[in-house]
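Okay, structure first, notes after.
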Amino acid sequence: MSTPEERLAGLGLSVPDVVPPVAAYLPAVRSGAMVYTAGQIPMREGSLVATGKVGADVTQETAYECARQCALNAMAAIRSVTGTLEGVRILKVGVFVASAPDFTAQAAVANGASELFGEVFGELGVHARSAVGVAVLPLDSAVEVEVIAEVVG
Amino acid sequence: MSTPEERLAGLGLSVPDVVPPVAAYLPAVRSGAMVYTAGQIPMREGSLVATGKVGADVTQETAYECARQCALNAMAAIRSVTGTLEGVRILKVGVFVASAPDFTAQAAVANGASELFGEVFGELGVHARSAVGVAVLPLDSAVEVEVIAEVVG
Amino acid sequence: MSTPEERLAGLGLSVPDVVPPVAAYLPAVRSGAMVYTAGQIPMREGSLVATGKVGADVTQETAYECARQCALNAMAAIRSVTGTLEGVRILKVGVFVASAPDFTAQAAVANGASELFGEVFGELGVHARSAVGVAVLPLDSAVEVEVIAEVVG
């Protein structure tokens, strides 16, 4: 059976460096088996995959890609407190989409995160999820994703 | 002492079928005693109770009814992983209200969920809550509700 | 070693009275070691520190002060179920900033809460955090903060 890291490699991906918090907090904290990540924005090699409002400045397809990058960054945050992605279960995912007032496909955007978690963690990646459309996000990010995970290993 | 299901019946309500997720996730997940629901929108018999922005397209009264339906759907989601509502404690409720910029009665809307939880679960239904006004919700839903619950039975 | 209450006093602050919920819920609930607070708005001596949208009606500096007051109110909420702030660990902080569409410094605003938690709880105050910009908040509050904490004492 392959590990999450091996499945990431199979997708041509790897866990990025942890994105340093914009401010006075940590990328993730662990309490017993539970892990709470900070809200992750789609930083990739030091810059955001997209900024602006989805449905106006950003297409749904690009926003999906943003959510996927956020999920990858969340894996880095989780691994920063667990040391590994093996035995990690994704419980709850919150997806905030900076949205034009008439953009209502937040669920399709959020699938960028949900589907990557499924691909990488298998049945341990199947989670509950909320997706909402917000006015604006930090640094004008198009998407932000937060995760509650559990170490079941 | 009556069960939550009996109290629902006393209100002329019953636990609906679980609303199928719009996307790649589950209605609820359980980890030990903890249950996290997905964000619930006010689906009733296959369509949303209301769409649009509260304070513009949707009245406060209708939005209250939406929040109540979301709570009912959350009970279905919880029961899908617990098998029963007996011994379920509602800990935290998050209410997102798609809001016109000058609509500030999110708390009154959210009471549609909070009061139903109180009626159905009694003292196990008294929870902490956040209510916020967001730009837009999936499928143009007027309200979305997520729940963290606990099995204390 | 000083207690959180002593560190608050050193900052010229004290834990305020618990802000009564606007509606049908509790300021905080406890489940075992876990504490979930309700969303806290910046009530100070019975009125909000600021109302309106940050970046339009409210400056970033005033919004920072709002977040700090929300954090203080969250401490009151936590203490209402723990009896003390000693041995309390702040795990996750969610910050909602009512934002003008072009205001993107939600992280700087949220630092008003994060930095106070750090000052008061020391290493037990270092948390994961999400900050988002929302359309509008209850009672037209400029900021709302929710907390997940843990009793480690």
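Some observations on this one:
- DSSP-defined antiparallel bridges as percent of all bridges, the protein assembly as shown, nearest 5: 70
- Helix content alone sets the calculated 222 nm mean residue ellipticity of chain C: runs of n ≥ 4 DSSP H residues at -39500 (n - 2.57) each, divided across all residues, give -10000 deg cm²/dmol.
- For C:Ala9 and C:Asp57, a Förster radius of 25 Å and the Cβ-Cβ distance give a FRET efficiency of 0.15, rounded to the nearest 0.05.
- Label-point spacing at A:Ser2 relative to the other copies reads 5.4, 5.4 nm, in ascending order, each point sitting 7 Å out from Cα along Cα→Cβ.
- C:Gln40 long-range amide H proximity, modeled H, under 5 Å: C:Val145, C:Glu146
- Exceeding the 26 Å Cα-Cα cut-off - candidates A:Lys53/A:Lys92; A:Lys53/B:Lys92; A:Lys53/C:Lys53: A:Lys53/B:Lys92
- Once C-alpha pairs closer than 8 Å and six or more residues apart are averaged by separation and normalised to the residue number of the range A:4-151, the relative contact order reads 34 percent.
- Whole-Å distance, taken between Cα centres, linking the range C:20-69 and the range C:74-120: 9
- Across the identical copies, the label point of C:Asp102 (7 Å from Cα in the Cβ direction) is separated from its matches by 2.2, 2.2 nm, in order from shortest.
- Relative to its Kirkwood radius, the Cα radius of gyration of the protein assembly as shown gives an Rg/Rh of 0.94.
- In nm, spacing of pseudo-spin labels at A:Ala33 and C:Glu123 (7 Å Cα→C-beta vector): 2.6
- 0 to 90° range, to nearest 10: angle between helix B:60-82 axis and chain B longest Cα axis: 30
- Shielding by other protein chains, B:109-116, mean Cβ within 10 Å: 3
- Length-normalised contact order for the range A:66-131 - Cα pairs under 8 Å, 6+ apart - percent: 47
- Over the Cα atoms of the range C:4-151, the radius of gyration divided by the Kirkwood radius equals 0.95; this is the Rg/Rh ratio.
Values in this text are rule-based calculations from the coordinates and carry no lab data. Fair warning: this is a prediction, and the values are worked out from it, not measured in the lab. Every residue, glycine as well, gets a Cβ built from its backbone with ideal geometry; the counts of neighbours run over all protein chains shown.
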